[in-house]
Structure formats: structure tokens, C-alpha cells
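Everything on this sheet refers to the single structure shown next.
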Amino acid sequence: MKVKYFNFKGGGILRKIANGAKFVINFRLLKMLYLKAMNISNFRFMIAKRTVLDIDKSAKIIVKEGRFYLNAKWDKQDPFSSYILMRKKSSIIVENNFKIYSGSRVNIYRGGVLRLGSGYINHNLVLHCEKEINIGHNVAIAENVTFLDNDAHNVYWNGQKSDKAQAITVGDNVWIGMRSLILKGVHIGNGSVVAAGSVVTKNVPENCLVAGVPARIIKRDIRWHI
């Protein structure tokens, strides 16, 4: 069913409301009823047009302070959509104001946890969370960045299966450049910068600039600000 403000995939609650309605549907009310039924705070979770939500009824979105904007737009004429998938018992926990811009694809698998501090992620995010992804406060994450906390497929080495999923942690005041790839098990320290196009496979200390494929330390003791 298409709704003026966003699209829903498998929105059974919405269909029941719409099918039984003998009046012109109030889309704002419809949105509020759906989010309330899904244990999502309507006043803190802001959803822009052309957003697709595929959220299991056992999943949760918790916004503690501020607001969480999904499919945010720099330009009102932006035509691009975003898609969020949340499987059984998955969760998104937002600490303060956070924006995820248009063109994003967020997949949180069964039991996965995505924690967001404050800041923004620009257009065309790709995020696959099977275990846990933690993003800190005052972060600036550019366009076309990918987070993968899992291998998607089983990998064997000398007869041993690798850990399929390992948590990712991005510290506070971190800047990640466009087209970077952050892989499983990585911890990026506070105040660090990941240069555009980097593939981060190992931990990054605090206040370091890393770049390359795979990423390596270029400079230490750096400072940056927006």
C-alpha cells in the first residue's frame, strides 16, 4: 500500500485500517497508528517521503533524545528512496539527533543491534548488521559508505570456519570519507579520519588519519572539525 509520506512493505495493520475506513484517510494519523503499533516513537522518528519500511513486529526502534531522521534530504526535489529491513528481535537505538540521508539501504538481521549516537550519514549508505554496529557522537559519514559486520557467506581456513559476524565500533567525532568500506570487527578510535575510498580491515587508533586499500595510518595526532 502506498502512503503519501512513505511506503510500507507487508503493512498488515495499515491494510486493516484502510480497508475498514469509510472516510478520507488522514495519512498523518495512519502513520502515527502504525508507528505506535510497532513500538516506535512517532514524535522522535521522522520519516521522509519515498521510504520503505520492512519491520518485523518484534523489532524495536528506540530514540532516547532528539530525533532520528530516515531518508533525509538536502534538497526538497530529491527523488531517491531509502529502504530499512529489520528482522525478528532486531533493534535500532538512537542516543540523540541523527540523520540518514536518501538512497540508503539498511539491513538489520535477526537479533542485530544498530546503535547511533549523533551526527549524520550522507546519501547511499549500505549497512548490513548481523551482530552489532555502534556509531558514536558527532560523526560525519560521507556518501556511498558501506558497513559490513559479517562475511555474508561462510569462509574456511585450514578447516576452521571464520567468525561470520563481529561487531563494528565507530568512536566519537569521527569523519569517514566517501566510498569507504568498514569491515567486520573494526574499531575506529575517537577523533579519527578515514580518507575517501579506504577499506578498513583493522582497528584505527584515536586521532589518526588512515587511507588506502587496506587502510593504513598516514598521520597521527590529528584534529578536525566540521
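Scan the range 143-167 for residues that are of a type in the set (A, V, I, L, M, F, W, C), assigned to a strand (DSSP E or B) and over 14 Å from Val126 (Cα atoms) and the total you get is 2. Screening Met46 against (1) closer than 21 Å to Arg179 by Cβ; (2) open to solvent by 20 Å² or more (accessible area, probe 1.4 Å); (3) assigned to a strand (DSSP E or B) leaves a single unmet condition, (1). Looking only at residues of the range 129-142 that are open to solvent by 40 Å² or more (accessible area, probe 1.4 Å) and assigned to a loop (DSSP other than H, G, I, E, B), we find that the one that is farthest from Lys88 (Cα to Cα) is Asn138. Restricted to the range 143-162, and to residues there that are farther than 22 Å from Trp224 by Cβ and among the aliphatic types (A, V, I, L, M), the residue that is surrounded by the most Cβ atoms within 10 Å (Cβ to Cβ) is Leu148.
Across the range 50-109, the qualifying residues are those that are assigned to a loop (DSSP other than H, G, I, E, B), touching a strand residue (DSSP E or B) at 6+ places or on another chain (Cβ under 6 Å) and open to solvent by less than 20 Å² (accessible area, probe 1.4 Å), and the one among them that is nearest to Arg179 (Cα to Cα) is Ser104. Taken as a whole, the condition of being under 26 Å from Lys73 (Cβ atoms), open to solvent by 50 Å² or more (accessible area, probe 1.4 Å) and touching a strand residue (DSSP E or B) at 6+ places or on another chain (Cβ under 7 Å) does not apply to Asn124. Within the range 149-157, not a single residue is under 21 Å from Val63 (Cβ atoms) and within 13 Å of the chain's Cα centre (by Cα). Kindly provide the set of residues from the range 196-211 that are open to solvent by 30 Å² or more (accessible area, probe 1.4 Å) and either of a type in the set (Val, Ile, Thr) or assigned to a loop (DSSP other than H, G, I, E, B) (or both), ordered by number. Of everything in the range 196-211, those that are open to solvent by 30 Å² or more (accessible area, probe 1.4 Å) and either of a type in the set (Val, Ile, Thr) or assigned to a loop (DSSP other than H, G, I, E, B) (or both) turn out to be Ala196, Gly197, Val199, Thr201, Lys202, Asn203, Pro205, Glu206, Asn207. Might you let me know whether the range 217-225 holds any residue that is crowded, with 17+ Cβ neighbours inside 10 Å and either in contact with a Leu (Cβ under 7 Å, 6 or more places away or on another chain) or more than 21 Å from Ile61 (Cβ to Cβ) (or both)? Taking every residue of the range 217-225 in turn, none turns out to be crowded, with 17+ Cβ neighbours inside 10 Å and either in contact with a Leu (Cβ under 7 Å, 6 or more places away or on another chain) or more than 21 Å from Ile61 (Cβ to Cβ) (or both). Pairs meeting the criteria (first residue in the range 62-73 and within 13 Å of Leu125 (Cβ to Cβ), second residue crowded, with 16+ Cβ neighbours inside 10 Å and of a type in the set (Phe, Trp, Tyr), beta carbons under 6 Å, at least 6 apart or on different chains) are Ala72/Tyr101.
I need the full set of residues from the range 171-187 which are open to solvent by less than 20 Å² (accessible area, probe 1.4 Å), within 17 Å of His225 (Cβ to Cβ) and outside any loop (DSSP other than H, G, I, E, B), in order please. Passing the criteria: only Ile176.
The values are calculated or read from the model by the stated rules, or taken from the named source; none is laboratory data. Only a predicted model underlies this, so the values are computations on that prediction, with no experimental measurement involved. Here Cβ is always computed from backbone atoms with ideal geometry, including for glycine, and neighbour counts include all displayed protein chains. In case anyone asks, the SASA skips ligands and DNA or RNA and just uses the protein heavy atoms, side chains included. Shrake-Rupley method; radii C 1.70, N 1.55, O 1.52, S 1.80 Å.
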